[in-house]
Structure formats: C-alpha cells, structure tokens
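The values are calculated or read from the model by the stated rules, or taken from the named source; none is laboratory data. Predicted, not measured: the structure shown is a model, and the values here were computed from it. With ideal geometry, Cβ positions are generated from the backbone for all residues, glycine too; neighbour counts draw on all protein chains shown. Note: areas computed on protein heavy atoms with side chains; ligands, DNA, RNA excluded. Shrake-Rupley method; radii C 1.70, N 1.55, O 1.52, S 1.80 Å.
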Amino acid sequence: MPTSSVRMGAEIVQLRREQLSELGSFLKLAYPGENRKRLPGYLEWYFLKNPHTDPDRLPLWVVTNENKIVGQVATISVELKAGAASIKAIWILEFILLPEFRGQGLGKQLVLKAGEEYPTMITLGINEASTRVFTSLGWKALGGIHRYHRMLFAGSAAQSNQPIRVGLDVVSSPLRMFPRVPHLPPQYEIRRDATFGPEMDELWERAAAQWPAAVRRGHKFLSWQFLQQPGKKFDVLKLYEKEKLVGYVVMFFRKGQGSAPPPKAAISDLVYDARNQDKIIDALLGAALQLAIERRAGSLVTDVLDARVEGRLKANGFWRIANSPRFMASSREFQDVLYRPENWYLTRADSDVSIFEEPNVEKPNVTQN
C-alpha cells in the first residue's frame, strides 16, 4: 500500500485520547451550526465509549498544520460479518478538510493512513468530492441504500400553524387508512422496552445467517448507539413469540416546533428472525406505523438495503424515494463477499443519518468550545 506522504508541512497522525479535547475547535470551523457536535460528552461517546474501540487506538486520523487540526477522517469501529468470517472494520462517517487545505492530496493521504490499520473500510452517504477521493483510491461503488417514505399527517410534516395543520391532517387522513396498518397476529406480542441484553445477541446470530455481509448488532453496540447517544431518545419496539425475541425495530422522532407534533419519524434499525420473515417484518412495520400515528408524526421514513424488507415496505404503503445515500467499500481480503451489493444487509443505523440527526430531547446543553 502507498505510504502517506503529505504536503505543505502538514502532518497526518492518529489522534491520541489525550488530544481529543483539541478536536472541538476544528469541528466548530468545519461544521458551523451543528450543535450536536458540541453536546457535553459527544466526543467521548463517539470515540471512547464504543465497545469495539480501543481507547488507546482511536479510529480518528487528522491533518495538523502549525499544531492545529485542519482535517479529519472520523470513523466508527465495527465488527463486520464477511461470509463465514468476523472481522474488525471501520465505518467512515466524517471526512473533511478546511477549504484552504483541499485539492492538495491530503484527503487521499488521510484515507490511506486509516487503511494502514484497517484493511476493510466502508462508508455510506458521502458527497461528490468524497466519492471522487474514494474512487481514485480504488474503492468499490456499491450503489446506495434505498430510502422509503410514507406520509401520515401532512400538517405535522409541514409544521404549519395549528388551523392549517389541522386542515392538512384531515385531507391526508386516507394516507393513514390505506393500506391499513397490519394487525398483529395472535402468536406475537409487541413490547416497548428500551433495553438491550443478551437476547439481542441470540436474535442476531439467528438473523445474520440470512446475510453474507452486515455490521454485527451485539447488545453492547446497540446500547452504545441507541441508549447512550447524547441528546437523543430512541424508541425500541421488540417482537416476541412465546417469550422468544424474534425481531425489533428502533425509532427516532424528530422534535416539532414548539408544541407541534414531530414532522418526521424514522425507523433507524430493524432486525428480523430467519424464520417467518414476512410475518415478523409486517408485525414490526405495523408497530412502527401505529406508534408514528399515535404521536401524529408527519411521515415515517427508513433506509434499507434488503430485498425482503423492501418488498414488505412497498406492501405497507411506503414509496421508494429517488435520492439514495451512496455506499462504497474497500477491502484487501474479502472483496468476493463485500463487493457485491446483494450480499449486504443495511439499515439507517449503518449510515451517518441516525447519528447526525439533530437532538430531539428537551433543551440539550451545548458546550461553547
């Protein structure tokens, strides 16, 4: 692999744990107005609390110039299923240089530096400039994750004043009625239970047999992503069959303006057992739709790459949206498995969307540095 040489006296290094506080000033310049990056505990959660991260080897590489951070490739450590193997990989979420340092090859060198430690890297939802960098380094374009949408309350979606909102909600009522929300079969029970324990691991081992390539959803990783994330509240709906967990769905509700209902709800993650798949998926989608309607959410959206789930989404009144986040991968060892998009199971939880949603808790505190 090419070595990571740099220009203009800049240096590319793997950020150390004790340097994490120095990242705040750079993030404020690189992402102005994005308050979530300044929530108390955000950087510690992102880079230190992930159960797959070694605190002494942060998956974060930066460009420094005159002792200041001017660029970064920030990633999440994941455990990846690649055929019969279980491997360590990184999911690139943030890849950015300050404007005055772009066009000098520093972005390529950042990615090469990360690749020295991680032979397998994946990314989703990247922009045009990042796509060009990854393509030039031989990454494989795998199309995109598919986005689906079902309108529920048009007034809530528009966030209009109350009289207009009520009128729009009435006009859009047929969208909530047809197709009808699936009834829960008698052998199943939905529980609203925002905890993740070892039963999630058992479900994942059964479910993962369906997919050659997927990020492993262990209970510690799920707790980190959905229960410990600063400024966010996720709803977890679990599906049981005779006390056996056979599926779950995680939902995120955007905060409405003032006292208005949420303009949008999202299915952030969905996992289903390897038997009775269609019935389980329908039950999970029905529970998600019921909760979204109960809270008068404007619409329900999700991102997924899985033919079976996509088929049930269409059957339950969801429309595929043309705009799909891009998906790319780089692997020196498992190209035969990871370079085929039909092998992958992806949800919104695997992209940057669920992490980069704006906080939805009441008045999250924001640090100023």
Response to the item:
About its Cα centre, the chain carries a charge dipole, from +1 on Lys and Arg Cβ atoms and -1 on Asp and Glu Cβ atoms, whose size in debye to the nearest 20 is 800 debye
Response to the item:
Descending packing, highest mean Cβ count within 10 Å first, for 215-227, 47-59 is 215-227, 47-59
Fill in: Built amide H within the under 5 Å cut-off of ILE126, gap 5+
ARG326
Item to complete: Please list the non-local residues whose amide H lies under 5 Å from the amide H of HIS146, H modeled 1.01 Å from N, same-chain partners needing a gap of 5 or more.
Response: VAL304, LEU305
Item to complete: Work out from phi, with θ = phi - 60° and the Karplus expression 6.51 cos²θ - 1.76 cosθ + 1.60, the ³J(HN,Hα) of each residue of region 180-196, listed in order in whole Hz, and give x for Gly and Pro.
Response: 5, 5, x, 6, 7, x, x, 7, 10, 9, 9, 10, 8, 9, 8, 9, 10
Discussion item. Using the Cα centre of region 65-183 as the reference point, and only Cβ charges (+1 on K/R, -1 on D/E), how large is the resulting charge dipole? Debye, rounded to the nearest 20.
Written reply: 460 debye
Fill in: Whole-percent carbon and sulfur share, accessible surface of region 13-55, 1.4 Å
48 percent
Worksheet item: Between LYS255 and SER324, what is the FRET efficiency for a Förster distance of 25 Å, r being their Cβ-Cβ separation, to the nearest 0.05?
Response: 0.45
Practice prompt. Starting from one equal scatterer on each C-alpha and no solvent at all, send me the Debye-based log10 I(q)/I(0) for region 195-295 at q = 0.13, 0.18, 0.21, 0.24 Å⁻¹, two decimals.
Written response: -0.49, -0.89, -1.14, -1.36
Worksheet item: Farthest toward the dipole's positive end in the chain, which of ILE293, VAL63, ILE126, given Cβ charges of +1 (Lys, Arg) and -1 (Asp, Glu) about the Cα centre?
Response: ILE293
Fill in: Per-residue ³J(HN,Hα) for region 327-342, Karplus 6.51 cos²θ - 1.76 cosθ + 1.60, θ = phi - 60°, Hz, x for Gly and Pro
10, 9, 9, 9, 8, 8, 10, 10, 4, 4, 9, 7, 8, 10, x, 5
Worksheet item: Of the heavy-atom accessible surface of region 219-306 (probe 1.4 angstrom), what whole percent is carbon and sulfur?
Response: 45 percent
Worksheet item: How large is ³J(HN,Hα), in whole Hz, for each residue of region 310-315 in order, when computed from phi with the Karplus curve 6.51 cos²θ - 1.76 cosθ + 1.60 and θ = phi - 60°, using x for Gly and Pro?
Response: 5, x, 6, 4, 4, 5
Fill in: Within the chain, percent of DSSP bridges classed antiparallel, to nearest 5
90 percent
Worksheet item: Over all distinct alpha-carbon pairs, what is the Kirkwood Rh of region 34-177 in angstrom?
Response: 18.6 Å
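About the Cα centre, and with charges only on the beta carbon of Lys, Arg (+1) and Asp, Glu (-1), how big is the dipole of region 1-110? Nearest 20 debye, please.
200 debye
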Item to complete: With a probe of 1.4 Å, find how much accessible area the chain has per residue, and write the answer as a whole number in Å².
Response: 44 Å²
Worksheet item: region 69-114 to region 6-62: how many Å between their Cα centroids?
Response: 12 Å
